[in-house]
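Report on one structure; see the data block that follows.
FYI, it's all coordinate maths here, none of it is from the lab. On a predicted model such as this, the values are computed, not experimentally measured, just so you know. Note: ideal-geometry Cβ built from the backbone for every residue, glycine included; neighbour counts use all protein chains shown.
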Amino acid sequence: MIKKLIGHIFFSCKHATELVEKKQFVKLSLLEKVRFKGHMLICSACRSYEKQSALMEKMFHRINNSSIPEQEIPKMNDTAKTRILEILKEES
């Protein structure tokens, strides 16, 4: 009963991390903001994810707006890409 009530008040980590990305592109509703802030107050893992996401977004922005030649931008190898896809499929 209490776990269900808490689930209605706060987001899960999965939902909170989705909102970390969503809020970069669209404005969150008031309810989403409140529940998101509540989750972030108690979850250090999601706070770390939010910081890492902001850093990655900043890096991507720099790469897109720089004059670095395409061949000098680090690329992910096919093995790493395949492994990431496998992990994402497992979590779905």
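What are the ³J(HN,Hα) values, in whole Hz, obtained from phi via the Karplus relation 6.51 cos²θ - 1.76 cosθ + 1.60 with θ = phi - 60°, for each residue of the stretch 31-45 in sequence order, with x given for Gly and Pro?
5, 4, 4, 5, 5, 5, 4, x, 5, 5, 5, 9, 10, 5, 5
If you bin every alpha carbon distance in the stretch 2-67 into 10 Å steps from zero, what whole percent lands in each bin?
All Cα pairs, binned at 10 Å, distribute as 20, 47, 23, 9, 2, 0 percent.
May I ask you to order 80-88, 34-42 by the average number of other C-beta atoms within 10 Å around their residues, highest value first?
Values: 80-88: 10.3, 34-42: 15.3.
Ranked from most to least packed, the peptides come out as 34-42, 80-88.
Under 14 Å from the Cα of residue 23, which aspartates and glutamates turn up, not counting those fewer than eight places away in the same chain?
Within reach: 32, 50, 57.
Pairs 37/81; 33/58; 51/75; 33/75; 27/75; 27/89: which are spaced more than 26 Å apart, C-alpha to C-alpha? The partial results should precede the final answer.
Working: 37/81 33 Å; 33/58 22 Å; 51/75 23 Å; 33/75 35 Å; 27/75 32 Å; 27/89 29 Å.
Among 37/81; 33/58; 51/75; 33/75; 27/75; 27/89, the Cα-Cα distance tops 26 Å for 37/81; 33/75; 27/75; 27/89.
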